[in-house]
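The values are calculated or read from the model by the stated rules, or taken from the named source; none is laboratory data. A quick note: this is a predicted structure, and the numbers were derived from the prediction, not measured. Counting neighbours? That spans all protein chains shown, and the Cβs are built from the backbone with ideal geometry, glycine included.
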């Protein structure tokens, strides 16, 4: 209704900026998609608005426009209505109790065993927490909170974190998302988010849940109405890569106006994280290895704290993730993705006893192929970049894709594969794992890395056959310095003068590792600068 005011504005008494604002607001409701998108860009780029005009826009814009504005780089946060106010009577105990009640309300039958496991543990720990707060002893039993011995935060916050981890698992189940929303989950999570602003871990788990819920378009209105767009718009501008990337994923899943792909849990957009007018010419996909992660594996090499002042300039340029900071700047027309999956050197560290069947290369390959297909990987030229066991996973995915007609575009569009210290023939590490206390019970990942494993031999031979057929470009780096993984355990491979963990972490942008990586990506994609 407010937009009808536009027709009554007088050219004699209306402020020109006021008139321009209403013109743009009306255009955001146009039936023409291109007109809508241009109006959003102009709204975000015009810096003449007054506070009351931002407030007017925040009250008038529709759901589609709010999400679009949140995905404009460095947009003014005054465009967004704040989250609904929190009830005054709520406290930490009621929040914990609310999380427990939400978990208890979710279906438990016919779901993944690990979802059941996480839920039962969270409910048990929550019950013990409530009992202790009412006078009982604080007790963690069995396979309870693995971080319970730490005294760095309050017990209630630890239980909240555990409950949220269980909700993350539930939010991956399509049918459970409706139950989470119907049982007040969006409002409860908003309350926890606002009251735990001093806990990045809790906030990241919450936004991870919102990103999973946003995969379901029928829930978008509920997500927006419960105040999440303003939260995500603020978080995507965070200087911390984890927070910004989680928010970018959630907003991309909400932005059906401009984004056709869906980003499943564990698939992160490193670039472009916001809307862009630049056409995307190719995808570069980063896959970490054992004990790695979507961001920390690809950070710049840590500098020696004892170095003198001459390295201060380098330290100021330190990046948490060089694909996001350096590669995106050198090749802005790339879409850069990083995937994450859990890996463990020992089964002692596995959180779910049913996880073993899920940790094999075969299982992870099928799981990631499904996620990458949803993200549109394979629809344009692709270059893979993998570290350690991640390289074996990439080879397995390409072999599996070669046998699936639905995934044939992924094979045809793969242009290059870059391996950082990948144990193509296995490693002695797997043999050592049974002889050292640190690796008392080797996990499936480690067993699959055994030197001269028949499965690895077949994997490598079949992969070489595919590379010859498809003419992939392949570059493989290997380290020369030994790497210490734990007591009594070191690994050694020849080639580059770095260790296993740092071989994928260039020291600076003009280092050999980064320059050679950039050159390989450009050559694989046709020898042109992707700019």
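Some notes on this structure:
- Qualifying position, being buried (at least 19 other Cβ atoms within 10 Å of the Cβ), outside any loop (DSSP other than H, G, I, E, B), outside the structural domain of residue 177 (by TED's automatic domain parsing) and modelled with pLDDT under 95, among 69, 43: 43
- Annotation: residue 257 fulfils all but one of (1) in contact (Cβ under 8 Å) with a residue 60 or more places away in the chain; (2) under 30 Å from residue 397 (Cα atoms); (3) assigned to a loop (DSSP other than H, G, I, E, B); the unmet one is (2).
- Flag: residue 207 does not match the condition of being over 17 Å from residue 229 (Cβ atoms), part of a helix (DSSP H, G or I) and modelled with pLDDT of 90 or more.
- Restricting attention to segment 46-62, the residues that are in contact (Cβ under 8 Å) with a residue 24 or more places away in the chain, surrounded by fewer than 15 Cβ atoms within 10 Å (Cβ to Cβ) and outside any loop (DSSP other than H, G, I, E, B) total 2.
Condition check ((1) at pLDDT below 50; (2) in contact with a helix residue (DSSP H, G or I) (Cβ under 7 Å, 6 or more places away or on another chain); (3) surrounded by 17 or more Cβ atoms within 10 Å (Cβ to Cβ)) across all residues:
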| position | (1), (2), (3) |
| --- | --- |
| 430 | yes, yes, yes |
| 448 | no, yes, yes |
| 465 | no, no, no |
| 473 | no, yes, no |
| 497 | no, no, no |
| 501 | no, no, yes |
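- Filtering segment 267-295 to residues that are within 12 Å of the chain's Cα centre (by Cα) and modelled with pLDDT under 95 leaves 293, 294, 295.
- Flag for residue 269 being part of a helix (DSSP H, G or I) and buried (at least 19 other Cβ atoms within 10 Å of the Cβ): no
- For segment 421-428, the criterion of a residue being within 23 Å of residue 293 (Cα to Cα), at pLDDT 70 or above, touching a strand residue (DSSP E or B) at 6+ places or on another chain (Cβ under 7 Å) and not in a helix (DSSP H, G or I) is satisfied by at least one position.
- For segment 196-217, the set of residues classified as over 17 Å from the mean Cα position of the chain (by Cα) and in contact (Cβ under 8 Å) with a residue 40 or more places away in the chain consists of 199, 216, listed by residue number.
- Qualifying residue in segment 513-522 (condition: in contact with a strand residue (DSSP E or B) (Cβ under 8 Å, 6 or more places away or on another chain), at pLDDT below 65 and either assigned by TED's automatic domain parsing to the domain that holds residue 390 or within 30 Å of residue 319 (Cβ to Cβ) (or both)): no
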